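Since every read-out is calculated from the coordinates, none of them should be taken as a lab result. The structure presented is a predicted model; accordingly, all values stated were derived computationally and were not measured. Backbone-built Cβ (ideal geometry, glycine too); neighbour counts: all protein chains shown.
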Amino acid sequence: MVMDKLDVVMCVGPKDVDRLFVSSLSSCLRHFTLLNRVYIVTNTKRRVLRRLQSQDLERNRISVLDDREVLPSEYHAFPGWIRQQAIKLHADRIARSKLVACLGADTVLLRPVVHSDVVENGQPVLFYNRYRHTDRHLEYERKRVKHVARLLGVDPTRSRPLGDFIMDLMVFEAKLLCCLRRDLRLRYGTRGLAAVLPKTCTTLEDKVRFGEYTLYAVYLLDVLRMPVPTRNSNSHFLAQVHSQTDLANFEFDSKVVHFVDKRFSMEYLKERLSVFGLG
């Protein structure tokens, strides 16, 4: 059976351009076997274009868009981290495929990601995560679920046990993103999504109050009550590397890895990624 190809939306901020952005993009072009086209959305378009000029990449599969081109004006004043979340929740207006993947600019595919990794019976798999070394992230993410569920006006009976939906390779169903924004307009008026986005995102306490992936997950599980295929990543499909301790313990054995801390040594990361042809 021929599987439909997916478009990928990648948000790139100023801090991403000279770090892992090219490795992430290269890994997507090489290892995301479902790929149709990559849409790079950025508030630093000139820098991104200059960076791409020096790279040997399939430019015919890449589009670079300014974030103000793709977001309505009511989102332009939000801080960059919040604006990126709004972009991902509008991915259906950027991409053309029925299923749309979002990939972080500091997230790298180490190995091929195939259809069965992310789609089951025609539906995107909703991943949740468990860490190998600690449960503290799970409790933090369950707080995020609680905050998001309150925004949606539901009791998170299905989403709270799963808890951690922060997956920096996430496949959305385009029509459900449209439904989510519509339902937020019905609940909060014409501003809809813009009305529930946090105004600041400087502390962990700020950030736990919202999350685009968590919003989508709670909407599917506890608002629509859909029979969604869920799967435990178990840090094996996608690993989140938050700290130097995480990095020291990471064995580069997952399919996908998100290097969270911007302070990680690029020299070290590029040396390790070179083993995968991505340095």
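For this structure, a couple of remarks:
- Of Asp206, Asp106, Asp67, the residue with the greatest mean-square motion in the GNM of the chain, using alpha carbon springs below 10 Å, is Asp206.
- GNM remark for the chain: springs join alpha carbons under 10 Å apart, and the peak mean-square fluctuation among Leu110, Leu224, Leu152 falls on Leu224.
- Coil-residue GluC sites (Glu not before Pro) of region 183-279, DSSP, other Cβ within 10 Å capped at 12: Glu251
- Mean separation of Cα contacts under 8 Å (6+ apart) over length of the chain, as relative contact order %: 22
- Converting phi to 3J(HN,Hα) with the Karplus coefficients 6.51, -1.76 and 1.60 and the offset θ = phi - 60°, region 232-239 yields 7, 5, 6, 6, 9, 6, 10, 9 Hz in sequence order, with x at every glycine or proline.
- Taking Cα centre as origin and charging only the Cβ of basic (Lys, Arg, +1) and acidic (Asp, Glu, -1) residues, the dipole magnitude of the chain rounds to 700 debye.
- In terms of its C-alpha gyration tensor, region 197-279 has an oblate overall shape, because the principal axis ratio a/c (a ≥ b ≥ c, square roots of the eigenvalues) is not below 1.5 and a/b does not outweigh b/c.
- Across region 117-248, the mean sequence separation of Cα contacts (distance under 8 Å, 6 or more residues apart), normalised by length, yields a relative contact order of 39 percent.
- By the helix-only formula, in which each DSSP H run with n ≥ 4 contributes -39500 (n - 2.57) and the sum is divided by residues, the chain has a 222 nm mean residue ellipticity of -9500 deg cm²/dmol.
- Inter-centroid distance (Cα atoms) of region 48-84 relative to region 196-254, Å: 22
- For the chain, built as a Gaussian network whose Cα springs stay under 10 Å, the top-fluctuating residue of Leu89, Leu238, Leu71: Leu71
- Region 182-279 - charge dipole about Cα centre, Lys and Arg +1 at Cβ, Asp and Glu -1, debye rounded to 20: 580
- Low-density loop positions, trypsin sites (Lys or Arg not before Pro), region 244-279 - DSSP coil, at most 13 other Cβ in 10 Å: Lys262, Arg263
- Matching the structure-derived Rg and Dmax of the Cα atoms in Å against the labelled list [x] 17.7, 51; [y] 18.8, 64; [z] 26.2, 91 gives the label [x].
- Selected from Ser26, Gln55, Val125, residue furthest toward positive end of dipole (region 23-145; charges at beta carbon): Gln55
- Charges were assigned to the Cβ only: +1 to each Lys and Arg, -1 to each Asp and Glu. The resulting dipole of region 36-172 about its Cα centre is roughly 220 debye.
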